[in-house]
Each structure stands twice: as structure tokens, then as C-alpha cells.
1. Determine if segment 114-126 includes at least one residue that is at pLDDT below 85, assigned to a loop (DSSP other than H, G, I, E, B) and buried (at least 16 other Cβ atoms within 10 Å of the Cβ).
2. Go through (1) in a helix (DSSP H, G or I); (2) of a type in the set (Val, Ile, Thr); (3) open to solvent by 10 Å² or more (accessible area, probe 1.4 Å) one by one and return the number of the condition Val44 breaks.
3. Quickly run through segment 1-41 and pick out the residues that are of a type in the set (Gly, Ala, Ser) and either surrounded by 15 or more Cβ atoms within 10 Å (Cβ to Cβ) or within 16 Å of the chain's Cα centre (by Cα) (or both).
4. Which ones in segment 56-70 are assigned to a helix (DSSP H, G or I) and open to solvent by less than 10 Å² (accessible area, probe 1.4 Å)?
5. Every residue in segment 77-108 that is in contact with a Pro (Cβ under 7 Å, 6 or more places away or on another chain) and under 17 Å from Lys46 (Cα atoms), please.
6. Return yes or no: is Thr108 open to solvent by less than 80 Å² (accessible area, probe 1.4 Å) and either within 30 Å of Glu256 (Cβ to Cβ) or at pLDDT 95 or above (or both)?
7. Could you tell me which residue of segment 155-192 is nearest to the chain's Cα centre (by Cα), considering only residues that are open to solvent by 10 Å² or more (accessible area, probe 1.4 Å) and small (Gly, Ala, Ser)?
8. Before we move on, is Asn131 more than 20 Å from the chain's Cα centre (by Cα), farther than 24 Å from Asp220 by Cα, modelled with pLDDT under 95 and not in a helix (DSSP H, G or I)?
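The values are calculated or read from the model by the stated rules, or taken from the named source; none is laboratory data. None of these values were measured; they are calculated from a predicted model. We place every Cβ from the backbone using ideal geometry, glycine too, and count neighbours over all the protein chains shown. Ligands, DNA and RNA are stripped out before the accessible areas are found, and what is left, the full protein with its side chains, is counted by its heavy atoms. Shrake-Rupley method; radii C 1.70, N 1.55, O 1.52, S 1.80 Å.
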Amino acid sequence: MEKSDERIEVVLVATGSFNPITVMHLRLFELGRDYLHGTGKYKVVKGIISPVSDGYKKKGLVEGSHRLEMAQLATKNSDWIEVEPWECSKKDWTETETVLRYYQQKLTCTDNGEIEEKKSVNRKGQKRKRNNVCQDVPDYNCPEIKVPPKVKLLCGADFLESLGVPNLWKPEHVREIVSSFGLVCITRMGSDARKFIYESDILWKYRDNIHLVEEWITNDISSTKVRRALRRGMSVRYLVPDPVLDYIKKHDLYSEESEEKNTGLTLEPFLRNSKKP
């Protein structure tokens with residue numbers, strides 16, 4: 001008999017601007033998956049890239065349609081990372097905990113649907129159950145409902161440190177993210193993630209749900225540096241996937257003009273979180 005896999009299934013979700021997506025964004029997924037598999041407790045079954053909407057109002061943020069297309073081009077050859085347009089397609093900015101909640105709910109519904117399709121095939125002498133829900137009268141032929149994968153937020157050290165920026169996050173939102181979902185944080189040289197967790201009461205309380213991943217092969221690529229190089233006419237080949245670079249050139253993205261977009265506007269989280277109730 002084949003031994004059952006008792007590892008907890010996980011879906012890694014990365015939110016952010018992806019302006020543009022870089023090879024480092026993709027590396028985060030590989031590093032996070034390797035780490036979780038190495039614990040022997042988790043099995044990563046999917047990665048989701050969820051670009052933020054234009055309503056975030058970040059300086060230099062190009063249109064969501066471009067960022068979404070570039071992310072799709074970057075992941076077209078991946079067999080486990082996919083791009084979700086739900087967040088990016090919204091007019092207004094959506095809080096991160098709401099995004100994670102949405103994907104968790106979607107996974108729960110999808111997973112049950114898959115179980116219904118795969119496991120409700122009648123065996124000889126077994127009656128089909130509607131919606132795969134066992135009836136009040138015990139029926140040992142009724143298939144077991146599979147536990148849906150758990151969503152975890154994949155992020156870098158910068159994201160972790162941003163949790164301490166006043167009015168960028170509401171404390172109750174931070175608490176929900178780390179308690180209900182958890183973080184898989186890829187650290188970088190020069191950051192002291194453990195000290196930051198120690199200095200935050202909320203993060204310290206839920207520290208067992210924060211996975212810190214050491215990046216031994218250091219990589220300092222960032223979207224900000226890629227945009228700067230593009231504005232200055234410098235090559236960014238091998239910093240972004242080739243199809244992404246071709247798309248940037250075709251649509252003439254990331255100029256001095258585009259970098260001034262949203263200049264003078266306040267980042268949407270600051271506007272919402274600084275309002276008095």
C-alpha cells in the first residue's frame with residue numbers, strides 16, 4: 001500500500017507592484033518552496049502572483065494591464081506558479097489580508113470541487129453523493145473531504161520591515177496576516193528580521209507562524225533598480241525574463257515620464273489608515 005503524504009499542503013501568495021516583475025520575484029518562490037519542503041511538514045502545491053491594483057497610487061506605478069501581462073509572460077513556462085488578475089483588475093486598492101482571505105476561500109471552494117469531480121465517481125455498489133457531503137446516516141463508502149491547502153504570504157525582508165511603518169498597516173490586519181495565514185519571508189544581507197520580530201509584540205506572539213528563509217546566494221535585484229537602469233538607457237537583460245524585456249521595449253515602458261506618475265499623491269494605505277473613525 002502506498003504511504004499517504006501527511007504534509008500540510010501550502011499555496012504561496014506574493015502580492016506587490018511587480019513594476020516590473022524580475023527574476024528575483026521568481027526566485028522568492030523557489031527559495032520559499034525549497035525551505036518549506038525541507039522542514040518535512042509542508043508540501044507547496046501552487047504559487048500565486050497577485051499584482052496590486054492601480055488604486056494603490058504608488059509613484060511610478062505603470063498600468064495594471066501592463067504589469068499583469070509582464071507577470072504572465074514571466075511565468076508562462078512555470079509548472080506551478082501562476083498569475084491571478086483578481087486584485088489587479090479592481091479599481092480600488094485591496095488590503096493584503098482581504099486578498100489572502102479571497103484566495104483561501106477560492107482554494108477551499110475549488111478544492112472541494114475537485115474532490116467532487118475526482119472522488120465522486122461511483123464504485124460498484126456505491127451511491128453517488130450530492131456535493132460530496134456525508135449524510136446523517138453513516139455511509140462508509142462516502143469519500144473523505146480533503147483539507148484545502150493553506151495560504152501563506154511569500155515576501156521579502158522589506159515587506160516584513162514595512163509592517164512597522166506607522167499608518168501603512170492597521171495592527172488588526174497585521175495580526176490576521178500572521179495568525180491566520182503566516183509569512184514565508186526571504187531575508188537579505190543587511191536586514192535583521194529576527195530582531196524586527198522581537199521588537200514587535202504582534203510578530204513575536206505569532207513568531208512560530210513566520211518562516212525566515214536565508215538566501216545564501218545573494219541577489220540584490222529590485223524593480224526600482226531595473227526601472228532606474230531603463231530610464232538611463234542601460235541594459236537590464238538577465239535581470240528580467242527575456243519575454244518581459246521584449247514587452248517593455250515594445251510598449252516603451254519605464255521612462256522619466258512614467259516614473260513621475262502618481263507624483264504628489266498619497267499612498268492609498270496611508271489615506272485609509274490615517275482616517276479617524
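1. For segment 114-126, residues at pLDDT below 85, assigned to a loop (DSSP other than H, G, I, E, B) and buried (at least 16 other Cβ atoms within 10 Å of the Cβ): absent.
2. Checking Val44 against (1) in a helix (DSSP H, G or I); (2) of a type in the set (Val, Ile, Thr); (3) open to solvent by 10 Å² or more (accessible area, probe 1.4 Å), the one that fails is (1).
3. Hits for segment 1-41 are Ala14, Gly16, Ser17, Gly32.
4. The answer is Gly64, Arg67, Met70.
5. Scanning segment 77-108 gives Leu107, Thr108.
6. It is false that Thr108 is open to solvent by less than 80 Å² (accessible area, probe 1.4 Å) and either within 30 Å of Glu256 (Cβ to Cβ) or at pLDDT 95 or above (or both).
7. Gly156
8. no
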